[in-house]
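Below: the structure, in C-alpha cells.
The values are calculated or read from the model by the stated rules, or taken from the named source; none is laboratory data. Since the model is a prediction, treat every value here as computed from it, not as a measurement. Cβ placement follows ideal geometry from the backbone for every residue including glycine, while neighbour counts extend to all protein chains displayed.
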Amino acid sequence: MPLYTLISKDFYNEDARDANWYKQNRQGFEGAEKAFEMSPEDIISEVKTSNLRGLGGAGFPTGIKWGFVPKDSGKPIYLAVNADESEPGTFKDKYIMTWDPHRLIEGIIITCWAIKAHVAYIYIRGEYVRPYEHLQRAIDQAYEEGILGDKVMGRDFKLDVYIHRGAGAYICGEETGLLESLEGKKGWPRLKPPFPAVVGAFGSPTVVNNVETIAHVPEIIKQGGQWFADLGCEKNGGTRLMCVSGHVNKPDVYEIQLGTPLYELIYDHAGGIVDGKKMKAVIPGGSSAKVLTAEEADCDCSIEALQAAGSMLGSGGVMVMHEDTCMVKALQVITSFYAHESCGQCTPCREGTGWLLRTLNRLLRGDGHPSDVDTMLDLSGNMQGTSICALSEAAAWPVESFILKFREEFDYIARHGRSMVAEKQSVPA
Amino acid sequence: MSEASETFEFTSQNLERCQDYLKRYPTKQAAMLPVLHVAQEQHGFISKEVETAVAEVLEVPEVEVHKVVTFYTLFHRHPVGRHQIRLCMNLACWLRGSDCIKAHLEEKLGVASGGTTSDGKITWEAVSDCMGACEDAPMMQLDKDYYDELTPEKVDQILEKETA
C-alpha cells in the first residue's frame with residue numbers, strides 16, 4: 001500500500017507555516033467554515049462515522065469521547081490538546097506542530113465548536129522549544145487574521161488557544177496527569193471515574209485529544225466521515241503517522257493507511273534492516289507496547305491486528321532491533337526510563353520499577369542469580385492492575401514480554417554473568 | 001545565568017509576562033509552570049528565593065511551588081552552566097550508538113554526566129527520557145536546539161560552534 005500525504009504533505013514546507021498560504025493552497029479553514037454551518041451534534045456524528053481513533057496511544061474512538069461531554073453542566077468546557085509526546089519511539093506530533101500548525105489550529109476550532117468549548121490549552125512538552133515557537137507564531141498570526149479570538153472567522157463564536165509548556169515529566173502525557181499539571185501541580189494522575197469529559201480541568205468537562213487526532217479533523221469535515229473511514233480498515237479510520245526508528249535504514253515518520261502490513265512499513269518504506277542483518281524484534285507502539293518477535297510482527301498496522309498479535313499499536317512508535325541486539329541490555333534501557341518517570345504516587349509502580357531496574361543492573365554487571373528472572377516476572381505481574389494510571393503496566397509489559405520471548409538470553413546472563421549476544425559476537429567467524 | 005543571590009525579584013518586563021499568563025487560566029495556581037519558566041529564564045535556576053517570589057505572584061503557599069519544582073526535571077534547583085546538554089540514552093538512541101557519544105562527551109568535557117565543566121560553561125547530562133527525535137538517533141539537545149545523527153566528530157564541531 002502506498003504512503004499517504006493527508007496530513008504529512010507539508011512536512012519540510014516552510015510556506016505552510018503561513019495561515020494565508022494554508023488557506024490558498026490547502027483549502028485551509030474550509031473545514032471550519034463548513035463546520036460552522038453544521039450543528040455540533042452533526043459534527044460529532046460525522047467524526048463517529050469516520051472511525052477516527054485517539055492517536056496518542058489509547059485508541060479511544062474520538063467522536064464517542066466528544067459525546068461524553070455533559071450537555072448542561074453549566075460549567076465552561078475545555079479542550080486540552082495533548083502535545084506532550086513523550087512515549088519513547090514517538091516523534092510525529094513534533095512534525096505537525098513544526099510544519100503544519102494551521103491544520104492543528106483548524107482542527108482545534110472545529111473540535112471546540114463541536115464540544116462547545118471557548119478555551120483550548122495545548123500542553124506541549126518542555127523539551128520541544130522550537131516546535132513551541134513555530135506553533136506560537138502560528139497562533140499569533142491566527143489572532144491577527146481573526147481566525148482566533150472574540151469572533152472566530154467572523155462568526156459569533158469566541159475561542160482562545162493557549163500553549164502550556166510542560167517541564168520534563170513523562171507522566172504529564174497521561175491525560176489526568178496532564179490536567180493536574182495544567183492546574184499548576186505535580187503531574188500525579190487522578191483516579192477515574194470521573195473521566196475528564198465530565199470532570200477535567202478546573203473541575204469542568206474537558207476533552208483531551210492528541211495533536212495528530214485533532215489534525216485529522218479538518219479533512220474529515222471537508223471530505224466526510226465515510227470517506228475517512230473507507231481510507232482505513234475496519235474500526236480504524238483514515239491514515240496515521242507511524243514513527244519508525246532503531247535498526248532500519250531510513251528511520252523517519254511515515255503516513256500509512258490503517259491496515260498497512262507492518263513488514264511493508266519496515267522493509268519497503270523504512271528501507272529494511274541496517275547492514276543487511278536479520279530483524280530480531282519490534283516494539284510496535286512506543287516502548288510501553290509488548291515486544292514482538294520478527295515472526296509475530298508479520299501483521300497489519302491496526303489497533304485490533306496488533307492486539308491479536310499480542311501487543312498494541314499504541315502511539316505508532318515502531319522500534320526495530322536486529323539480530324545483534326542484547327535483549328537484556330535493551331530491557332534495562334527501557335526500564336531505566338520507567339524507573340525515572342514513575343511519579344511515585346502508587347507503591348507497586350514506584351517500588352516495582354526501581355526493583356526491576358536494580359535486578360537488571362545486577363544481571364548486566366554479572367552479579368545476577370538464576371532466580372532473578374522469575375522474580376522479575378513475578379514482580380511485573382504484581383505491577384499490573386494495581387495502580388492509578390497505566391504507567392505501572394507500561395513498565396511491566398516490556399519486562400514480561402522480553403523475558404517470555406527471549407528467555408534464554410536472560411537465563412544465560414543470570415547463569416554465566418555475561419551477555420549471550422555479546423558472547424556470540426566475540427566468537428570469530 | 002546569574003550567580004546565586006540572596007534575593008530575587010522579577011524584572012518589570014518579566015512580571016508583566018507573568019501577569020499575562022495569569023489571565024489565561026481560571027485559577028492563579030495554573031500559571032505555575034509558565035511563571036516558573038520565566039523565573040528560570042531570568043535567574044538560571046530556581047532557588048529558595050525564586051520559589052518565594054513565584055509563590056507571591058501566584059498567591060499560593062511556597063510549598064505548592066516547591067512541590068512542583070522538585071517534581072519536574074527541567075527546573076534546575078542549583079546553578080548550571082551557560083549551556084546545557086541533554087544526551088538521549090533511550091532505546092532508539094542506544095540502538096544507534098548513544099553509549100559511544102556519552103563516553104565521548106565525558107572525556108571531552110572532563111566531567112561525568114550531571115556535572116558542569118570546570119569553567120562553568122557547560123552542564124551536561126545523559127538522560128533516560130526520549131526527547132522525541134528517534135528518527136535522528138543518536139541525538140542530544142543543546143539549549144533550545146536538537147542535534148541529530150551524532151558522531152564524536154560531529155559533537156566536537158557542535159561544541160566548538162555553539163559553545164565557543
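The table below gives the values:
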| quantity | calculated |
| --- | --- |
| Selection count where residues are over 13 Å from A:Val282 (Cβ atoms), within 10 Å of chain B (Cβ to nearest Cβ) and surrounded by 19 or more Cβ atoms within 10 Å (Cβ to Cβ), scope region A:330-356 | 11 |
| Hits in region B:111-125 (condition: more than 14 Å from chain A (Cβ to nearest Cβ) and either surrounded by fewer than 18 Cβ atoms within 10 Å (Cβ to Cβ) or part of a loop (DSSP other than H, G, I, E, B) (or both)) | B:Val111, B:Ala112, B:Gly115, B:Thr117, B:Ser118, B:Asp119, B:Gly120, B:Lys121 |
| Residue that is charged (D, E, K, R) and free of Cβ contacts under 8 Å to residues at least 40 places away in the same chain, where the choices are A:Glu295, A:Glu323, A:Glu255 | A:Glu295 |
| Residue identified as touching a Lys or Arg at 6+ places or on another chain (Cβ under 8 Å) and closer than 26 Å to A:Asp72 by Cβ among A:Ala197, A:Ala201, A:Ala138, A:Ala215 | A:Ala197 |
| Residue check, A:Gly310 at pLDDT 95 or above, surrounded by 19 or more Cβ atoms within 10 Å (Cβ to Cβ) and under 22 Å from the mean Cα position of the chain (by Cα) | no |
| Residue check for A:Ser336: assigned to a helix (DSSP H, G or I), of a type in the set (Ser, Thr, Tyr) and closer than 26 Å to A:Lys192 by Cβ | no |
| Within region A:333-385, tally of residues that are on the phi > 0 side of the Ramachandran plot and more than 24 Å from the chain's Cα centre (by Cα) | 1 |
| In region A:245-264, the residues that are away from chain B (no Cβ under 14 Å), assigned to a loop (DSSP other than H, G, I, E, B) and of a type outside the set (A, V, I, L, M) | A:Gly259, A:Thr260 |
| Residue in region A:162-176 that is over 19 Å from the mean Cα position of the chain (by Cα), more than 8 Å from every other protein chain (Cβ to nearest Cβ) and assigned to a strand (DSSP E or B) present | no |
| Counted residues, region A:177-195 - those being of a type outside the set (Ser, Thr, Tyr) and either part of a helix (DSSP H, G or I) or at the interface with another protein chain (Cβ under 8 Å from one of its Cβ atoms) (or both) | 10 |
| Output for region B:126-159, where each listed residue is buried (at least 16 other Cβ atoms within 10 Å of the Cβ), facing chain A (nearest Cβ under 7 Å) and over 21 Å from A:Ile334 (Cβ atoms) | none |
| Qualifying position, being of a type outside the set (Asp, Glu), in contact with a helix residue (DSSP H, G or I) (Cβ under 7 Å, 6 or more places away or on another chain) and either over 27 Å from A:Cys349 (Cα atoms) or free of Cβ contacts under 8 Å to residues at least 40 places away in the same chain (or both), among A:Pro205, A:Pro218, A:Pro189 | A:Pro218 |
| Enumeration of residues in region B:68-84 that are hydroxyl-bearing (Ser, Thr, Tyr) and farther than 16 Å from B:Leu142 by Cα | B:Thr70, B:Tyr72 |
| Residue identified as facing chain B (nearest Cβ under 9 Å) and surrounded by 17 or more Cβ atoms within 10 Å (Cβ to Cβ) among A:Thr111, A:Thr90 | A:Thr90 |
| Single residue of A:Ala305, A:Ala297, A:Ala330 found to be over 20 Å from the mean Cα position of the chain (by Cα), aliphatic (A, V, I, L, M) and not in a strand (DSSP E or B) | A:Ala330 |
| Test: residue in region B:99-110 that is among the aliphatic types (A, V, I, L, M), assigned to a helix (DSSP H, G or I) and closer than 24 Å to A:Val320 by Cβ | yes |
| Residue identified as within 12 Å of another protein chain (Cβ to nearest Cβ), small (Gly, Ala, Ser) and touching a Lys or Arg at 6+ places or on another chain (Cβ under 8 Å) among A:Gly310, A:Gly286, A:Gly316 | A:Gly316 |
| Selection within region B:39-59 - surrounded by fewer than 19 Cβ atoms within 10 Å (Cβ to Cβ) and either within 9 Å of another protein chain (Cβ to nearest Cβ) or on the phi > 0 side of the Ramachandran plot (or both) | B:Glu59 |
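Listed here are the residues, each with its yes/no results for (1) without any contact (Cβ under 8 Å) to a residue 24 or more places away in the chain; (2) farther than 16 Å from A:Pro101 by Cα; (3) surrounded by 14 or more Cβ atoms within 10 Å (Cβ to Cβ); (4) touching a Gly at 6+ places or on another chain (Cβ under 7 Å).
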{"position": "A:Met1", "(1), (2), (3), (4)": "no, yes, yes, no"}
{"position": "A:Tyr12", "(1), (2), (3), (4)": "no, no, no, no"}
{"position": "A:Ala16", "(1), (2), (3), (4)": "no, no, yes, no"}
{"position": "A:Gly28", "(1), (2), (3), (4)": "no, no, yes, no"}
{"position": "A:Gly31", "(1), (2), (3), (4)": "no, no, yes, no"}
{"position": "A:Lys34", "(1), (2), (3), (4)": "no, yes, yes, no"}
{"position": "A:Glu41", "(1), (2), (3), (4)": "yes, yes, no, no"}
